[in-house]
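Beneath this line is the structure, given in structure tokens, with notes to follow.
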Amino acid sequence: MPLSTLCQHCGLCCDGTLFTVVPLQPSEESSLRARGLPVVTRADGSPALPQRCAALAGRSCTLYAERPLGCRRYQCQLYSALAEGEVDLSEALTVVEQAHTLLDASEAERGPQVEAFLDRHFRGRHRSPRVV
Ligand code: SF4
């Protein structure tokens, strides 16, 4: 399916590029710990999954079908554009490759050009759990 294909080739919302943690539901904590994933406790006492996620292999989530609600809910601008038919999968994957190339080239410090690219394509809307 194109939407899951996009995410499984991207990983930018799971590799620490966009987020430092993903909030978890209290009920999700024990099963993730049982899988060997580290879970941290935030200042308000709620559990969270630190990023880069330990379940990420390369750019691909090894727990994709069972990923937490916080992961399911995140829908970046590019994901939305693909879901709404504003771009096709090939175009969306090209944007992903451009992002990774920019990030690889600016490993030490992300400049404003890289942040603007991430803002434009990857930061954005949180919605209800997505179905892919
Ligand atoms: S940043 Fe967007 S396209 Fe990339 S994995 Fe996350 S939701 Fe999918």
Q | residue 101 surrounded by fewer than 11 Cβ atoms within 10 Å (Cβ to Cβ) and β-branched (Val, Ile, Thr) | A | yes
Q. Right, residue 94: among the β-branched types (Val, Ile, Thr) and at pLDDT below 95 or not?
A. no
Q) Where residues in the range 62-98 are among the β-branched types (Val, Ile, Thr) and open to solvent by less than 60 Å² (accessible area, probe 1.4 Å), which of them is farthest from residue 14 (Cα to Cα)? A) 87
Q: May I ask you to list pairs of residues, at least six apart or on different chains, whose Cβ atoms are under 9 Å apart, with the first in the range 69-95 being under 26 Å from residue 27 (Cβ atoms) and the second being assigned to a helix (DSSP H, G or I) and away from the ligand (no atom under 12 Å from the Cβ)?
A: 69/28; 70/28
Q. Does at least one position in the range 1-17 carry a residue that is in contact with a strand residue (DSSP E or B) (Cβ under 7 Å, 6 or more places away or on another chain) and of a type in the set (A, V, I, L, M)?
A. no
Q: Name the single residue, out of those in the range 104-125 being of a type in the set (A, V, I, L, M, F, W, C) and more than 14 Å from the ligand (Cβ to nearest atom), that is most open to solvent (accessible area, probe 1.4 Å).
A: 108
(Q) Contact list please: Cβ distance under 8 Å, first residue in the range 1-26 and more than 8 Å from residue 51 (Cβ to Cβ) and of a type in the set (Phe, Trp, Tyr), second residue near the ligand (Cβ under 10 Å from one of its atoms) and open to solvent by 40 Å² or more (accessible area, probe 1.4 Å), pairs at least six apart or on different chains. (A) none
Q. Taking helices (runs of 4 or more DSSP H) that fall entirely within the range 1-82, which contain at least 3 residues that are near the ligand (Cβ under 9 Å from one of its atoms)?
A. 2-8
Q | Matching residues in the range 19-50 - criterion: being among the hydrophobic types (A, V, I, L, M, F, W, C) and open to solvent by 30 Å² or more (accessible area, probe 1.4 Å) | A | 19, 21, 34, 40, 43
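The values are calculated or read from the model by the stated rules, or taken from the named source; none is laboratory data. Predicted model, so just to flag it, every value in this text is computed and none were measured. When we count neighbours, we look across all protein chains shown, and the Cβ atoms used for this are built from the backbone with ideal geometry, even at glycine. Accessible surface areas use protein heavy atoms only, side chains included; no ligands, DNA or RNA. Shrake-Rupley method; radii C 1.70, N 1.55, O 1.52, S 1.80 Å.
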